[in-house]
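Participant: Structure below; questions to follow.
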Amino acid sequence: MTATGIASATALRQFSRRRCLQSLSAACIPLLFSEQASAGAQIEEPLMDSVRSALSSAVANQAPPVPEFKDTESRLAYLRWLGAMSDRLRKKKPEWQIRKEFLQTVWYESKRAGLDVTLVLGLIQVESNFRKFAVSNVGARGYMQVMPFWTRVIGDGDPSKLFHMQTNLRFGCVILRHYLDRERGDLFLGLGRYNGSRGKAPYPNAVMGASKQWEFSG
């Protein structure tokens, strides 16, 4: 082969390799961003000691909480709710044990914070679409899209802990309760504050709309 032919063949191989890499990169982009969420940005602000304590204890918890019931009827009501919610969540979380532990923790942390579990499920759907490792374009993390600065405020500043299920759900529920208290129970303003869009309708409307899918009459 002549020198000209060798140069042409080399150029062709380099071009083909470059096109291949470009195609591979384009295919990977949706995978890279498939776990991102479109949450807003919570605002760092002073916390009451009770809120700080509730968040700090969550960092140390490793196992899903075990619900306790005052009587048999309460336990049966919970099991009926668990069964109904499990059926609705099956497409998002196909594995029964993972689905059960998730719902059990959502129920526990919602009740612990004095929140309607239906509201919390609606918020999780809007914030992360039930993706444990979702990350927003402003860095909010996990199921309830908690901002990393919260771990600095009450813990060791390790944002990876926000991907731990109970830690994330505890943080999200306690922070939402905190914002609702700040807004004297006003759901519209409290949800807006959680999302960093206080006073704007799209986010509260989305959460309240999504929560209707998780209503249960039992």
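The values are calculated or read from the model by the stated rules, or taken from the named source; none is laboratory data. Keep in mind the model is a prediction, meaning the values are calculated, not measured. Backbone-built Cβ (ideal geometry, glycine too); neighbour counts: all protein chains shown. We work out accessible area using only protein heavy atoms, side chains counted, and drop any ligands, DNA or RNA first. Shrake-Rupley method; radii C 1.70, N 1.55, O 1.52, S 1.80 Å.
Participant: Looking for whichever is closer than 14 Å to Q42 by Cβ and either out of contact with any Phe, Trp or Tyr (no Cβ under 8 Å at 6 or more places or on another chain) or in contact (Cβ under 8 Å) with a residue 60 or more places away in the chain (or both) here; the options are E101, E127, E95. Which one fits?
Facilitator: Being closer than 14 Å to Q42 by Cβ and either out of contact with any Phe, Trp or Tyr (no Cβ under 8 Å at 6 or more places or on another chain) or in contact (Cβ under 8 Å) with a residue 60 or more places away in the chain (or both) holds for just one of E101, E127, E95, which is E127.
Participant: Right, here's the next one. Take the residues in segment 109-129 that are under 16 Å from the mean Cα position of the chain (by Cα) and open to solvent by 10 Å² or more (accessible area, probe 1.4 Å); name whichever of them is nearest to P67 (Cα to Cα).
Facilitator: The qualifying residue nearest to P67 (Cα to Cα) is V117.
Participant: Kindly indicate which of G199, G192 is touching a Gly at 6+ places or on another chain (Cβ under 8 Å) and open to solvent by 40 Å² or more (accessible area, probe 1.4 Å).
Facilitator: G199
Participant: Of the numbered conditions (1) surrounded by fewer than 20 Cβ atoms within 10 Å (Cβ to Cβ); (2) without any contact (Cβ under 8 Å) to a residue 40 or more places away in the chain; (3) more than 20 Å from W214 (Cβ to Cβ), F133 fails exactly one; give the number of that condition.
Facilitator: Going through the list (1) surrounded by fewer than 20 Cβ atoms within 10 Å (Cβ to Cβ); (2) without any contact (Cβ under 8 Å) to a residue 40 or more places away in the chain; (3) more than 20 Å from W214 (Cβ to Cβ), F133 breaks only (2).
Participant: Among what's in segment 200-218 and is in contact with a helix residue (DSSP H, G or I) (Cβ under 9 Å, 6 or more places away or on another chain) and not in a helix (DSSP H, G or I), pick the residue that is farthest from G172 (Cα to Cα).
Facilitator: The residue in question is G218.
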